[in-house]
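Enquirer: Take a look at the following structure, please.
The values are calculated or read from the model by the stated rules, or taken from the named source; none is laboratory data. Quick caveat: nothing in here was measured; it's all calculated off a predicted structure. In this analysis, Cβ positions are derived from the backbone assuming ideal geometry, glycine residues included, and neighbour counts consider all displayed protein chains.
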Amino acid sequence: MTDTSTSMSVSAALKSPESAARLKARYRAERRFRFYGRAAIGIAAGILIFLLSSIVYNSIPAFTQNFVDLDIELAQDKIDPNFSYDTAIIASADWQGLIKASLRRDFPEVNARADKRELYDLVSSGAGDWVRDFVLDNPQSIGGVVRIAVPTSDDIDLLIKGLIDRTLPESDRLVSNKELVWLDHYTAQDRVNAQFAWTLFTAGDSREPEMAGLSGAFIGSLLTILVTLAISFPIGVMAAIYLEELAPKNRITSIIEVNINNLAAVPSIVFGLLGLAVFISFFQLPRSAPLVGGLVLSLMTLPTIIIATRASLASIPPSIREAALGIGASRLQVIFHHVLPLAMPGILTGTIIGLAQAAGETAPLLMIGMMAFIVDTPTDITSKATVLPAQIYMWANNPERAFLPKTSAAIVVLLVFLLSVNATAIYFRKKFEKRW
Amino acid sequence: MTETNRPKIRAQHVEVHYGDARALHGIDLDIHAHEVTSLIGPSGCGKSTFLRCINRMNDVIDGCRVNGAMFIDNEDIYGDHMDVVELRARVGMVFQKPNPFPKSIYDNVAYGPRIHGLAQNKDALDNMVETSLKRAGLWQEVRDRLHESGSSLSGGQQQRLCIARAIAVNPDVVLMDEPCSALDPIATAVIEELIEEIRSEYTIVIVTHSMQQAARVSQKTAYFHLGNIVEVGDTDQIFTKPGNKQTEAYITGRIG
């Protein structure tokens, strides 16, 4: 009897009530695990969606900008008194003064100095640029009176967008009662209009939120990433090929290997210090330049690319190498004709990850002066520049309230920038992908 | 010694070490031209290791050392002046698992002639590809799809493609490392027929686990055991009246 119970046949065992219970428990465990997995994905996706939607929601006001139409008297003696028709002379006229004169004409009752200053605060302190650009495009308009849309100041802009509550008591509100009256005067004449905020994309940084744009940081990021790619991709791939395919397996190569892995875990600020000491202090390269930024980020990206490339090379089946060797291909031919093309998708994936990391990095750039207030858009890799993440950080720290939506908008632009970099890389990866 | 009696390949006391482990204990073997020599023996006996000594494929394995001498046409292939790339062009190899390159059928066959600069122009290369595929008995099946991927073929076709690739550079010797172990009996029969057809032009050495295959395709057979050659001789004689008890036990299926 004991004999039969210890060595029961499988079919008999499966029919026993204990077995049925065990089977049920097994299915239950599987269902439970599925539920945990779904819950984990749900939580992760939920957090991501919440984060993205809150950023996008906060950024919406930054994509529009309010303009007020002013009648500007383009007096010849104020713009080009000697009829020189020289653009340099015309460009240096007192455009802001013309705007102030226009405002005074609209509200002749304003006389006190303090009131006048408040009146001038209706429009942006950079509004003169719009008048200048208009006149430079239409020089025949000099001498006449023209209605030109100029940007409102940031506080008025926020008020119109409803981000400043006009029901608050005057002492708690950034816009005074008088300004409200003047603004309502223009609104009543339908002279206040919202436009798409091209400034955000065409202008460089500014202290005035309504004048500040991302162009400088965007081009800075692009140049920095290009330098990073140009340096780290060839060096990383070559180093990985040598280490994986050609290097003798000895103590020196294993030390190098361990240290490359260590390098991948070094805090990024350390690379910044290194860049400051080596590239700027020793080699005397310009500070705040995309060239140095790219060099520093290359140091950071190299280990990622080397590790990914080596893993990708190692995953190519040895049968392909044997086939090529067996037919009389040299080691280099085996690598460049067979192994490298097959490993390319993996190498590109590693490069994308490395570059995406580099594009979002701020800490190392802090040390080499790329976290700086730079107004001009960089023209080459040695001109002064900042990068998108640094720009976001600086705007986020700015006490001007109007920088709040601008910060979110900059984050949206950075995300779109990263996504498009990744999309390009994925396109190339798909192109290289082969079946075997 | 007449021309026909001089061995094509002569191994003299070939010893192979993988690290500290000795895989071959001094092999002496003569292999003659225009014959098929099969190497048989249980797994781990060193027959594949010996085969890979003939085209120095063991060179790429870390910690592998080869002692002794191996002559092809009286030339020591382990000598200082020997160029491995040239050697492997003269000694082709077909592997256990079909391993076509993930390229087109045409490029698979054309690869060898291309890297060795054998074809003067496109027409000559086209010719070489066609000839090789015909010799490998694959031309009829693939002539209309030369630019499809080599991996789109069936297992047996892939292995014949690998044979075509190996003979495209016109080697003297073709080494085959269990070429049919991944194939079904029909594909195996096709390959065996192919070996019979091309043996007049090449010297073929084949490692096999199938006694029947060794008996069918080879003229000479060498029985390996634990890194030694136990017996070598005419295939007929080995399979009908083996001189050694171990050989007899192996080929009749009692060990191995």
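Enquirer: Would you check which residues across the range A:241-287 are loosely packed, with under 11 Cβ neighbours inside 10 Å, among the aliphatic types (A, V, I, L, M) and under 30 Å from A:Met370 (Cα atoms) and list them?
Expert: Within the range A:241-287, A:Ala265 is the sole residue that qualifies.
Enquirer: Taking the range A:390-435 as the region of interest, how many residues are within 23 Å of A:Gly350 (Cβ to Cβ) and not β-branched (Val, Ile, Thr)?
Expert: 18
Enquirer: For the range A:183-203, how many residues meet the condition of being over 22 Å from A:Pro61 (Cβ atoms) and either in contact with a Cys (Cβ under 6 Å, 6 or more places away or on another chain) or of a type outside the set (S, T, N, Q) (or both)? Walk me through it before giving the result.
Expert: Taking the range A:183-203 first, the residues over 22 Å from A:Pro61 (Cβ atoms) are A:185, A:188-189.
Add one more test, that the residue is either in contact with a Cys (Cβ under 6 Å, 6 or more places away or on another chain) or of a type outside the set (S, T, N, Q) (or both), and what stays is A:185, A:188.
Adding up the residues that qualify gives 2.
Enquirer: Would you please name the residue that is farthest from B:His34 (Cα to Cα), looking only at residues in the range B:197-256 that are among the charged types (D, E, K, R) and in a loop (DSSP other than H, G, I, E, B)? Quick ask: steps written out before the conclusion?
Expert: Of the residues in the range B:197-256, the ones among the charged types (D, E, K, R) are B:197, B:199, B:201, B:216, B:220, B:231, B:234, B:236, B:241, B:245, B:248, B:254.
Narrowing further to those that are in a loop (DSSP other than H, G, I, E, B): B:199, B:201, B:241, B:254.
Numbers: B:Arg199: 5, B:Glu201: 6, B:Lys241: 24, B:Arg254: 32 Å.
Checking each candidate, the answer is B:Arg254.
Enquirer: So, A:Thr253, is that one out of contact with any helix residue (DSSP H, G or I) (no Cβ under 6 Å at 6 or more places or on another chain) and either part of a helix (DSSP H, G or I) or not assigned by TED's automatic domain parsing to the domain that holds A:Asp155 (or both) or not?
Expert: So A:Thr253 fits the description; yes.
Enquirer: Looking for whichever is part of a helix (DSSP H, G or I) and either surrounded by 10 or more Cβ atoms within 10 Å (Cβ to Cβ) or of a type in the set (Ser, Thr, Tyr) (or both) here; the options are A:Asp69, A:Asp115. Which one fits?
Expert: A:Asp115
Enquirer: Please go through the range B:130-169 and give me each residue that is part of a loop (DSSP other than H, G, I, E, B) and closer than 12 Å to B:Met93 by Cα, ordered by number.
Expert: Matches in the range B:130-169: B:Ala168, B:Val169.
Enquirer: Follow-up question, since we're still on this one. What is the residue count in the range A:325-337 for residues that are more than 7 Å from chain B (Cβ to nearest Cβ) and without any contact (Cβ under 8 Å) to a residue 12 or more places away in the chain? Steps first, please.
Expert: Taking the range A:325-337 first, the residues more than 7 Å from chain B (Cβ to nearest Cβ) are A:331-332, A:334-337.
Of the ones still in play, those that are also without any contact (Cβ under 8 Å) to a residue 12 or more places away in the chain are A:332, A:336.
Counting residues in the range A:325-337 that are more than 7 Å from chain B (Cβ to nearest Cβ) and without any contact (Cβ under 8 Å) to a residue 12 or more places away in the chain gives 2.
Enquirer: Does the range B:185-199 contain any residue that is within 17 Å of B:Arg52 (Cα to Cα) and either out of contact with any Lys or Arg (no Cβ under 8 Å at 6 or more places or on another chain) or buried (at least 22 other Cβ atoms within 10 Å of the Cβ) (or both)?
Expert: No, the range B:185-199 contains no residue that is within 17 Å of B:Arg52 (Cα to Cα) and either out of contact with any Lys or Arg (no Cβ under 8 Å at 6 or more places or on another chain) or buried (at least 22 other Cβ atoms within 10 Å of the Cβ) (or both).
Enquirer: Also, I was wondering about something else. Given the criteria farther than 25 Å from A:Val387 by Cβ, of a type in the set (D, E, K, R) and without any contact (Cβ under 8 Å) to a residue 24 or more places away in the chain, does A:Arg147 qualify?
Expert: It is false that A:Arg147 is farther than 25 Å from A:Val387 by Cβ, of a type in the set (D, E, K, R) and without any contact (Cβ under 8 Å) to a residue 24 or more places away in the chain.
Enquirer: Can you tell me which residue in the range A:79-112 is surrounded by the most Cβ atoms within 10 Å (Cβ to Cβ), limited to those that are part of a loop (DSSP other than H, G, I, E, B) and of a type in the set (Phe, Trp, Tyr)?
Expert: Checking each candidate, the answer is A:Phe107.
Enquirer: Okay, moving on. Condition first: surrounded by fewer than 22 Cβ atoms within 10 Å (Cβ to Cβ), outside any strand (DSSP E or B) and among the β-branched types (Val, Ile, Thr). Can you find one or more residues in the range A:180-188 that meet it?
Expert: For the range A:180-188, residues surrounded by fewer than 22 Cβ atoms within 10 Å (Cβ to Cβ), outside any strand (DSSP E or B) and among the β-branched types (Val, Ile, Thr): present.
Enquirer: With the structure loaded, tell me whether B:Ala168 is crowded, with 24+ Cβ neighbours inside 10 Å, under 20 Å from the mean Cα position of the chain (by Cα) and either away from chain A (no Cβ under 13 Å) or within 18 Å of A:Ala329 (Cβ to Cβ) (or both) or whether it fails that test.
Expert: When the stated conditions are applied, B:Ala168 passes them.
Enquirer: Which numbered condition trips up A:Ile43, out of (1) modelled with pLDDT under 95; (2) surrounded by 10 or more Cβ atoms within 10 Å (Cβ to Cβ); (3) assigned to a helix (DSSP H, G or I); (4) β-branched (Val, Ile, Thr)?
Expert: With (1) modelled with pLDDT under 95; (2) surrounded by 10 or more Cβ atoms within 10 Å (Cβ to Cβ); (3) assigned to a helix (DSSP H, G or I); (4) β-branched (Val, Ile, Thr) applied to A:Ile43, the lone miss is (1).
Enquirer: Whether any residue in the range A:300-311 is under 27 Å from A:Ala356 (Cβ atoms) and over 28 Å from the mean Cα position of the chain (by Cα) is what I want to check.
Expert: yes
Enquirer: A:Ser319: within 14 Å of chain B (Cβ to nearest Cβ), of a type outside the set (A, V, I, L, M, F, W, C) and within 30 Å of B:Lys97 (Cβ to Cβ), yes or no? Can you show your working first?
Expert: On the way: within 14 Å of chain B (Cβ to nearest Cβ): yes; of a type outside the set (A, V, I, L, M, F, W, C): yes; within 30 Å of B:Lys97 (Cβ to Cβ): yes.
Answer is yes for this residue.
Enquirer: Does the range B:138-158 include one or more residues that are within 12 Å of chain A (Cβ to nearest Cβ) and touching a residue at least 60 places away in the same chain (Cβ under 8 Å)?
Expert: Within the range B:138-158 (the criterion being within 12 Å of chain A (Cβ to nearest Cβ) and touching a residue at least 60 places away in the same chain (Cβ under 8 Å)), the answer is yes, since at least one residue qualifies.
Enquirer: Using the structure shown, decide if A:Leu340 is within 13 Å of another protein chain (Cβ to nearest Cβ), part of a helix (DSSP H, G or I) and under 34 Å from the mean Cα position of the chain (by Cα).
Expert: yes
Enquirer: For the range A:220-240, name all the residues that are surrounded by 19 or more Cβ atoms within 10 Å (Cβ to Cβ) and aliphatic (A, V, I, L, M).
Expert: A:Leu223, A:Ile225, A:Val227, A:Leu229, A:Val237, A:Ala239, A:Ala240
Enquirer: Turning to a different aspect of this structure: For the range A:382-393, state whether one or more residues are in the same structural domain as A:Asn422 (by TED's automatic domain parsing), part of a helix (DSSP H, G or I), modelled with pLDDT of 90 or more and surrounded by fewer than 20 Cβ atoms within 10 Å (Cβ to Cβ).
Expert: Filtering the range A:382-393 for residues in the same structural domain as A:Asn422 (by TED's automatic domain parsing) gives A:382-393.
Next cut, part of a helix (DSSP H, G or I) only: A:388-393.
Then drop every residue that is not modelled with pLDDT of 90 or more, which leaves A:388-393.
Next, only the ones that are surrounded by fewer than 20 Cβ atoms within 10 Å (Cβ to Cβ) stay: A:393.
Yes, some residue in the range A:382-393 is in the same structural domain as A:Asn422 (by TED's automatic domain parsing), part of a helix (DSSP H, G or I), modelled with pLDDT of 90 or more and surrounded by fewer than 20 Cβ atoms within 10 Å (Cβ to Cβ).
Enquirer: Let me ask something else about it. Show me the strands (runs of 3 or more DSSP E) found entirely inside the range B:19-117 where at least 1 residues are away from every other protein chain (no Cβ under 12 Å).
Expert: Per the criteria, B:21-31, B:36-40, B:64-72.
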